[in-house]
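The structure under discussion appears below in the form of C-alpha cells.
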Amino acid sequence: MTINGVDYRNELGGTATTGINVAGLSAAGNQFVCEYIGNTSSDGYLRASDVSLLTSYQVSIVSVYETNPTVISYFTTATANYDAYRAISAANLAGQPAGSAIYFTIDADFVSQSDIATIKSYFETINTYFHTNASPYKIGVYGSGYELTSLLSDSLAGISYTWLAQSTKWTGYSTFTSESIKQFATTYFCFIKY
C-alpha cells in the first residue's frame, strides 16, 4: 500500500505548523507529514499543539531528529548518546505516542567500510541507550540505500524503519527495496509502504 506525505522543515519560527496550511495539506491527499523534533521552542520543532492540529485533520506524523550528520566525524559514541537523550526528550515534549519511531539521519553518501563501521557503531550506541533507558520509541534511519542495507544487516543497531533519501545518485538508491518511506527526487512528496 502506498500513501502520500510531505517532508518539510518549518523555518518560519514558532512550531512545526506555524504558517502551514494543514487543511490544505490534508485536502491534497497527504496522509502523513515528516516533522522535525527538537528541544527549543522556536525552531519549527513539533510540539503537542502541532500534534493536535495535524491529527484533527487525520494527518499522521513521522518524527525526525537531525542536527548535522553530514560528515563522518559527527558519528561518535558521545554524539550518539547525546542524540538519543535529546531525541527521546524531544519526542516526549511533543507528545509522541509510545511505540512510534524516531528517525535519525545520515545526510551524506558514505561508502567506505570504515565509515560504515563508524555509522553502525553510532546506531548501536543509540539502540543501547534506548534499551538502557527504557525508551518507548523505535529507531528509524534516513540515508542512502547502501547505508540502510548495511544498518539492517546489523542486529545490534536496532533499526525498525528505513527512509530512503531522495538523492538518486547516492549509492544503493536504485537497488534498495526495503524502505518504509521513499522520498522522491523531484518533489517534496514521499510515500510510505505498509
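Amide H contacts of VAL141: PHE104, TYR161, THR162, TRP163, each under 5 Å away and 5 or more positions distant or on a separate chain (H built 1.01 Å from N in the peptide plane; Pro and chain starts excluded). Tally the DSSP beta bridges in region 58-155 and give the antiparallel ones as a percent, rounded to 5. Counting DSSP beta bridges with both partners in region 58-155, the antiparallel share is about 0 percent. Label positions at ASN4 and TYR57, each projected 7 Å from the Cα along the C-beta direction, are separated by 1.3 nm.
The calculated 222 nm mean residue ellipticity attributable to helices in the chain amounts to -10000 deg cm²/dmol, summing -39500 (n - 2.57) over DSSP H runs of n ≥ 4 and dividing by all residues.
Estimated at 0.36 nm per residue, the fully extended path between ASN39 and ASN21 surpasses their Cα-Cα distance by 4.1 nm.
Given their separation in residues at 0.36 nm each and the Cα-Cα distance between them, SER167 and GLN31 gain 46.7 nm when the chain is fully extended.
What separates the Cα centres of region 77-91 and region 120-181 is a distance of 16 Å.
In this rough spin-label picture, where each label sits 7 Å from Cα along the Cβ direction, the GLU11-LEU93 distance is 2.0 nm. Subtracting the Cα-Cα distance of THR132 and LEU152 from 0.36 nm times their residue separation leaves 5.1 nm of extension gain.
The C-alpha atoms of the chain define a longest principal axis, and helix 77-94 lies at about 20 degrees to it. The H on the amide N of GLN31, modeled in the peptide plane, is under 5 Å from the matching H of ASN4, GLY5, each at least 5 residues off or on a different chain. When only Cα pairs under 8 Å and 6 or more residues apart are kept, what is the percent relative contact order across the chain? In percent, rounded to a whole number, it is 20.
Read the figures in this text as sums done on the coordinates, not as results from a lab. All of these numbers come straight from a predicted model, not from anything done at the bench. Cβ sites come from the backbone with ideal geometry, for glycine too, and all protein chains shown count toward neighbours.
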